[in-house]
Amino acid sequence: MYESLWVMIIHSVLLALAALTGFAYLTLMERKILARMQHRVGPNKAGPRGFLQPLADAVKLMFKEDIMPADADRWVYTLAPILATIPAVIIFAVIPLGKDFVFFGERVTLTFANIDIGLLYLLAVTSIGVYGITLAGWASNNKYSMLGGVRSAAQMISYELAFGLTVLVPVMLTAWHNPSGDGLGSLNLTTMVDAQAGTYLGFIPRWFIFTPTGWLAFIVFLIAATAEVTRAPFDLVEAEQELVGGYATEYSSMKFALFFMAEYMKLIAMSALAATFFLGGWRFPGLENIGGNWGALISFIVMLVKIIFFLFLSIWVRATFPRIRYDRLMDFGWKRLLPVSLATMAATAVFVVLVDQL
Amino acid sequence: MNYVVLTIFFLLSALTLGSGIMVVTVKNIIHAALWLISTFVGVAALYMLMEAEFLAIVQVLVYAGAVSILVLFAIMLTRQITGTGTRQLHSRWWVAMLTAAALFGGVIVPTVWQQGSSWDKTASDAQAILVQQATEANGGTRPEIIPVAGTEELGAALMGEYLLPFEVVSLLLTAALIGAILIAFEERTRRRRVLTLAEELALRKRGIVEPHDEEGAVVPVDAEQAV
Amino acid sequence: MLSTYAFIGIFTVAAITFPLLPLIISAIIRPNRPSEVKLSTYECGLEAIGEIWVQFKVQYYLYALAFVIFDIETVFLYPWAVAYGQLGLFALIEMGIFLMILTVGLVYAWKKGALEWI
């Protein structure tokens, strides 16, 4: 797939930079939209309409003093923000962002790592994402941090189960309309996107959200993913009313920024995944007819629009819902979401067999 | 390419073994847990090098992602040992080391004895069979990628040849869950949550004002039952 | 196949340098004037009392245990879900039995109150 080492290095640097830019402008987008929803203006001083605000923030944080508490565990304290960032970045490797470009006979791919077990890779990467926050809480040697860290670990593992079970639904639905016709499901994200090509009745796209069980899985996925990335209303990890700053209480300067970056990058990744699993990824009815670089460009824009839609949804939810209480959070995860996701999965299995038999 | 793979193999082995040694020697028990995670990830990378992708990912998912969290929680639950320096080495550590070496030898020596001379031949035979199968499946031409064992073959094997072990696994897991709950959990007759205002209001509406015991202390109510 | 994984390997290396770079740059350019008060542990402005190594609720451990068990269950479900479309009805029944037995565990935990947070 990749001809040489240099191609790989250039691709990976570009992907990392794209994720970074996405993060930077997501913060601006969130502040602007939240401000509008609360009848404020939001940042508008740095650059035209506040467009350079992320850059200003980054420079400011770079120049801030980094305070490490005397009682903290030096090594783990430094390691934690790095451990939090790495999974948030490498999750992007398997997400197909669009069709391939061809420039002067050279293929520039937007499906960076097309691996057969892409979905499991995603789950594995999300499951190590817990450590950064937990260890930050432990290493700070602060009661608030500790509580925030342990809470986060318990919350993430609780919702990871529902998350892992609902993504089985797209796997099985892929078996239902697998383009190769062998009736196999797939853990490969590109195959999943391909399985969502075409339309029902000529106008409804064959996205998994429009299948009899897919929409339910989609809702469960959105809730579980929101809890996975500890976004509002599941942001108990950093509940400032009770835990000051949660796991990040003792962090400052660039290390603090890294935690923020990890959280927002994970949010972007989850939005991209929601689009890939249930909204047909970069596919759109009629896009099959547009070939060449224009088709690739439009497919990328379609994917981007879908991602931004989910990001907007997340910000909207943050502006609307109050934070959930911790015992309710755990109850909801184990007693509601887990049974519902199991039932959705079972229903999909029955559905796929029935369609096959008829 | 072969030398590259070999170099990566030795680097990864060094990482895995080094982390393993750190696990049993560092004084801080949380650090030991961290090194343990590093060992797990190293083993996963070795699996990946053998192109056993499913196994590698599952290793990360289950060991690095789930079991290690359990270990961390277990450490945090045990008040005495967290954070403070613990001496891990017993005075007769060399006996333990000899036993471990003997056990390891007990496994590896017969294997090498039996397989050692035909090792390369077995591997190349297996490779030849794989290539032949993949070529047949591809309609006569040799495909670029030859999968060792795809996920779908694994699934088919679990549903066919290994059906009984597969079902027994579920029994084992359930037994583990029930056993763990029995050991770790004491059933509480009363829940001691502070009622929310809404729940208190609901209680008052039903005439239950403030449940007191004989000494006048407020008796905690089973909140959900009362509401 | 290996070339794709090589990409993931290189990308992981890039992802490791990614947080390190700003950390190093910031370490060079930022001021560093520590003082005793600055380096003390934050506890709402008061002096920190007692150790942070308090004993946590046993609930955390129970959730983690249940998580490990259901996580392993999920891992078994993936190959099944992939092969499922070809195997059909028989596989559905087999997985039904597998899930049924595991649901017994979940129901037991639920009824026993192990999933209650408070």
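The values are calculated or read from the model by the stated rules, or taken from the named source; none is laboratory data. These figures come from a predicted structure and were not determined experimentally. Glycine gets a Cβ as well: all are built from the backbone with ideal geometry, and neighbour counts include every protein chain shown.
Restricting to helices (runs of 4 or more DSSP H) lying wholly in the range A:249-345: which have 1 or more residues that are at negative phi, within 14 Å of the chain's Cα centre (by Cα) and touching a residue at least 40 places away in the same chain (Cβ under 8 Å)? Even if it seems obvious, please write down each step before you answer.
Values: elements: A:253-278, A:292-320, A:326-331.
In the range A:249-345, A:253-278, A:292-320 are the helices (runs of 4 or more DSSP H) which contain 1 or more residues that are at negative phi, within 14 Å of the chain's Cα centre (by Cα) and touching a residue at least 40 places away in the same chain (Cβ under 8 Å).
Out of all the residues in the range A:146-162, which are without any contact (Cβ under 8 Å) to a residue 24 or more places away in the chain and either touching a strand residue (DSSP E or B) at 6+ places or on another chain (Cβ under 9 Å) or facing chain C (nearest Cβ under 7 Å) (or both)?
Residues of the range A:146-162 without any contact (Cβ under 8 Å) to a residue 24 or more places away in the chain: A:146, A:150, A:153.
Hits for the range A:146-162 are A:MET146, A:VAL150.
Residues in the range C:41-53: is at least one within 7 Å of chain B (Cβ to nearest Cβ) and modelled with pLDDT under 85? It would help to see each step written out before you state the result.
The first filter runs over the range C:41-53 and keeps only residues within 7 Å of chain B (Cβ to nearest Cβ), leaving C:53.
Add one more test, that the residue is modelled with pLDDT under 85, and what stays is C:53.
Checked against the condition, which is being within 7 Å of chain B (Cβ to nearest Cβ) and modelled with pLDDT under 85, the range C:41-53 yields at least one hit.
Applying the selection to the range A:288-322, what residues are surrounded by fewer than 17 Cβ atoms within 10 Å (Cβ to Cβ) and closer than 30 Å to C:LYS57 by Cβ?
A:VAL317, A:PHE321, A:PRO322, listed by residue number.
Under 9 Å between Cβ atoms, which residue pairs at least 6 apart in sequence (or on different chains) link something in the range A:56-81 that is more than 11 Å from chain C (Cβ to nearest Cβ) with a partner that is in a loop (DSSP other than H, G, I, E, B) and of a type in the set (D, E, K, R)?
As it stands, the answer is A:ALA56/A:LYS45; A:TYR77/A:GLU250, since those pairs meet every condition given.
Please pick out the residue among A:LEU52, A:LEU110, A:LEU119, A:LEU97 that is farther than 30 Å from A:ASP194 by Cα and of a type in the set (A, V, I, L, M). Spell out how you get there, then give the answer.
On the way: A:LEU110 fails: farther than 30 Å from A:ASP194 by Cα; A:LEU119 fails: farther than 30 Å from A:ASP194 by Cα; A:LEU97 fails: farther than 30 Å from A:ASP194 by Cα.
Just one listed residue meets the conditions, A:LEU52.
Confirm whether A:ALA19 is within 14 Å of chain C (Cβ to nearest Cβ) and on the phi < 0 side of the Ramachandran plot.
Numbers: within 14 Å of chain C (Cβ to nearest Cβ): yes; on the phi < 0 side of the Ramachandran plot: yes.
Taking the combined requirement at face value, the residue satisfies it.
Taking the condition of being outside any strand (DSSP E or B) and either more than 10 Å from chain C (Cβ to nearest Cβ) or closer than 23 Å to B:GLU51 by Cα (or both), how many residues in the range A:87-108 meet it?
Going residue by residue through the range A:87-108, those that are outside any strand (DSSP E or B) are A:87-100, A:104-105.
Imposing the further condition that a residue be either more than 10 Å from chain C (Cβ to nearest Cβ) or closer than 23 Å to B:GLU51 by Cα (or both) reduces the set to A:87, A:90-100, A:104-105.
Qualifying residue count, the range A:87-108: 14.
Tell me which residues, restricted to the range A:132-145, are buried (at least 24 other Cβ atoms within 10 Å of the Cβ) and more than 7 Å from chain B (Cβ to nearest Cβ).
Quick first cut of the range A:132-145, residues buried (at least 24 other Cβ atoms within 10 Å of the Cβ) only: A:132-140, A:142, A:144-145.
Residues satisfying the conditions are A:GLY132, A:ILE133, A:LEU135, A:ALA136, A:GLY137, A:ALA139, A:SER140, A:ASN142, A:TYR144, A:SER145.
Out of all the residues in the range C:95-116, which are among the hydrophobic types (A, V, I, L, M, F, W, C), at the interface with chain B (Cβ under 7 Å from one of its Cβ atoms) and over 23 Å from the mean Cα position of the chain (by Cα)? Before the answer, list the steps.
Keep residues of the range C:95-116 that are among the hydrophobic types (A, V, I, L, M, F, W, C), which gives C:95, C:97-102, C:104, C:106-107, C:109-110, C:114-115.
Keeping just the survivors that are at the interface with chain B (Cβ under 7 Å from one of its Cβ atoms) gives C:97-98, C:101-102, C:104, C:109, C:114.
The answer is C:ILE97, C:PHE98, C:ILE101, C:VAL104.
Being modelled with pLDDT under 85, farther than 30 Å from B:PHE166 by Cα and among the hydrophobic types (A, V, I, L, M, F, W, C): is that true of C:LEU62 here? Quick ask: steps written out before the conclusion?
Numbers: modelled with pLDDT under 85: yes; farther than 30 Å from B:PHE166 by Cα: no; among the hydrophobic types (A, V, I, L, M, F, W, C): yes.
No.
Take the range A:10-62 and flag every residue that is within 25 Å of the chain's Cα centre (by Cα), assigned to a loop (DSSP other than H, G, I, E, B) and among the aliphatic types (A, V, I, L, M).
A:LEU52
Could you tell me whether C:VAL37 is at pLDDT below 80, more than 8 Å from chain A (Cβ to nearest Cβ) and not in a helix (DSSP H, G or I)? So that I can check it myself, show each step before the final result.
On the way: at pLDDT below 80: yes; more than 8 Å from chain A (Cβ to nearest Cβ): yes; not in a helix (DSSP H, G or I): yes.
So C:VAL37 fits the description; yes.
Rundown of residues vs (1) in contact with a Leu (Cβ under 8 Å, 6 or more places away or on another chain); (2) modelled with pLDDT under 80, yes/no style:
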site	(1), (2)
A:PHE92	yes, no
A:TYR144	yes, no
A:ALA153	yes, no
A:LEU168	yes, no
A:LEU173	no, no
A:HIS177	no, yes
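Quick one: count up the residues across the range A:238-248 that are part of a helix (DSSP H, G or I) and surrounded by fewer than 24 Cβ atoms within 10 Å (Cβ to Cβ).
Keep residues of the range A:238-248 that are part of a helix (DSSP H, G or I), which gives A:238, A:240-243, A:246-248.
Now restrict to residues that are surrounded by fewer than 24 Cβ atoms within 10 Å (Cβ to Cβ): A:238, A:240-243.
Residues flagged as part of a helix (DSSP H, G or I) and surrounded by fewer than 24 Cβ atoms within 10 Å (Cβ to Cβ) within the range A:238-248 amount to 5.
Given the criterion touching a residue at least 12 places away in the same chain (Cβ under 8 Å), buried (at least 24 other Cβ atoms within 10 Å of the Cβ), in a helix (DSSP H, G or I) and more than 7 Å from every other protein chain (Cβ to nearest Cβ), identify the matching residue among A:LEU120, A:LEU173, A:LEU165. Can you show your working first?
Details: A:LEU120 fails: more than 7 Å from every other protein chain (Cβ to nearest Cβ); A:LEU165 fails: more than 7 Å from every other protein chain (Cβ to nearest Cβ).
Sole residue among the options that is touching a residue at least 12 places away in the same chain (Cβ under 8 Å), buried (at least 24 other Cβ atoms within 10 Å of the Cβ), in a helix (DSSP H, G or I) and more than 7 Å from every other protein chain (Cβ to nearest Cβ): A:LEU173.
When A:VAL76 is evaluated against the numbered criteria (1) more than 21 Å from A:TYR247 (Cβ to Cβ); (2) assigned to a helix (DSSP H, G or I); (3) in contact with a His (Cβ under 8 Å, 6 or more places away or on another chain), which criterion, by number, is the only one it fails?
(1)
Could you please find all residues in the range A:210-237 being crowded, with 18+ Cβ neighbours inside 10 Å and over 18 Å from the mean Cα position of the chain (by Cα)?
A:THR211, A:THR213, A:GLY214, A:LEU216, A:LEU236
Tell me whether the range A:270-287 contains one or more residues that are crowded, with 19+ Cβ neighbours inside 10 Å and within 24 Å of A:GLY137 (Cβ to Cβ).
Yes, the range A:270-287 contains at least one residue that is crowded, with 19+ Cβ neighbours inside 10 Å and within 24 Å of A:GLY137 (Cβ to Cβ).
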